[in-house]
Amino acid sequence: MASPWNRRVCLAVCTVSNWALDFAGNLQRILTTCEEANRRGARLRLGPELEIPGYGCADHFFEWDTEIHSWEILKEIVEKL
């Protein structure tokens with residue numbers, strides 16, 4: 001019997017130049033890497049933590065808007081893919 005663990009998956013590990021609190025710009029850069037990963041045959045795409053809001057948000061991490069906008073951007077990413 002073949003093991004289910006013998007399957008191979010192509011994984012794209014992506015980093016982009018994201019800007020703190022540039023949700024629209026970060027979204028476009030993330031989508032660009034998703035499209036590139038798809039073109040290269042990746043089934044999964046991995047990005048860094050804080051990819052959506054960007055690093056360096058300082059006290060903005062304590063504001064609800066930062067979290068809400070991050071969830072909204074994630075929703076857009078899922079809907080576009």
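Where a number appears in this text, it was derived from the coordinates with a stated rule and is not lab data. This one's a predicted model, so the numbers in the text were calculated from it and none came from an experiment. In this analysis, Cβ positions are derived from the backbone assuming ideal geometry, glycine residues included, and neighbour counts consider all displayed protein chains.
In the chain the Cα-Cα distances spread across 10 Å bins starting at 0 as 17, 43, 24, 11, 4, 0 percent of all pairs.
Relative to the longest principal axis of the Cα atoms of the chain, the long axis of helix 23-39 makes an angle of roughly 10 degrees.
Note the angle between two axes, namely the Cα long axis of helix 64-80 and the longest principal axis of the Cα atoms of the chain, as a number of degrees from 0 to 90, rounded to the nearest 10. Between helix and principal axis, roughly 40 degrees.
Mean residue ellipticity at 222 nm, helices only, the chain: -14000 deg cm²/dmol; runs of at least 4 DSSP H residues each add -39,500 (n - 2.57), and the sum is divided by the number of residues. Sites listed here are trypsin sites (Lys or Arg not before Pro) in segment 24-81 whose DSSP assignment is loop and whose Cβ has at most 15 other Cβ atoms within 10 Å: Arg40, Arg43.
Here the dipole of the chain is about 860 debye; that uses its Cα centre as origin and unit charges on the Cβ of Lys and Arg (positive) and Asp and Glu (negative). Based on C-alpha pairs under 8 angstrom that are at least 6 apart in sequence, the chain has a relative contact order of 35 percent.
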